[in-house]
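The values are calculated or read from the model by the stated rules, or taken from the named source; none is laboratory data. In this text, all values refer to a predicted model and were calculated from it rather than measured experimentally. Here the Cβ positions follow ideal geometry from the backbone for every residue, glycine too, while neighbour counts run over all protein chains shown. Surface areas here come from the heavy atoms of the whole protein model, side chains and all, with no ligands, DNA or RNA. Shrake-Rupley method; radii C 1.70, N 1.55, O 1.52, S 1.80 Å.
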Amino acid sequence: MLDKIYTNLTKKELKQALIIHYALCITSVGVPILLVLLGYFLNGKVYINYFLLIFLLLFIWSVFNIDFLKKKNGRSSK
């Protein structure tokens with residue numbers, strides 16, 4: 001499935017996509033931590049909602065894309 005998404009991209013575009021997915025991965029970890037800390041300081045309780053599930057799914061999706069793009073960049077450079 002990911003192969004269909006990235007078939008027509010050049011090597012430079014693949015590297016840019018890899019950088020974007022690294023940023024998404026870092027953001028999907030950092031933002032929920034900030035939201036939980038903010039909720040704790042404002043209300044005195046830790047709220048873990050289904051809203052944070054979106055960030056978990058984004059993290060998993062980014063990891064799969066990073067793995068695929070690393071393999072594709074490695075394969076194309078050989």
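Computed from Cα positions, the angle between helix 51-77 and the longest principal axis of the chain comes to roughly 20 degrees.
Ranked by the mean number of other Cβ atoms within 10 Å per residue, highest first, peptides 21-30, 7-16 order as 21-30, 7-16.
For Ile5 and Leu37 in one chain, what is 0.36 nm times their gap in residues minus the Cα-Cα distance, to one decimal in nm? Between Ile5 and Leu37, full extension yields 7.9 nm more. Taking every alpha-carbon pair under 8 Å whose residues sit at least 6 apart, the chain reaches a relative contact order of 45 percent. When a 1.4 Å probe is rolled over the protein heavy atoms, the share of accessible surface on the range 18-77 that falls to carbon and sulfur comes to 76 percent. Rg/Rh for the chain stands at 1.16; both radii use Cα atoms, and Rh follows the Kirkwood definition.
Highest-first packing order for the peptide set 38-46, 64-72 is 64-72, 38-46, based on the mean count of other beta carbon atoms within 10 Å. Accessible surface calculations at 1.4 Å, restricted to protein heavy atoms, place the chain at 79 Å² per residue.
Listed values for the range 34-40 are Karplus-derived 3J(HN,Hα) couplings in whole Hz (6.51 cos²θ - 1.76 cosθ + 1.60, θ = phi - 60°), namely 5, 5, 5, 5, 5, x, 5, and x replaces Gly and Pro.
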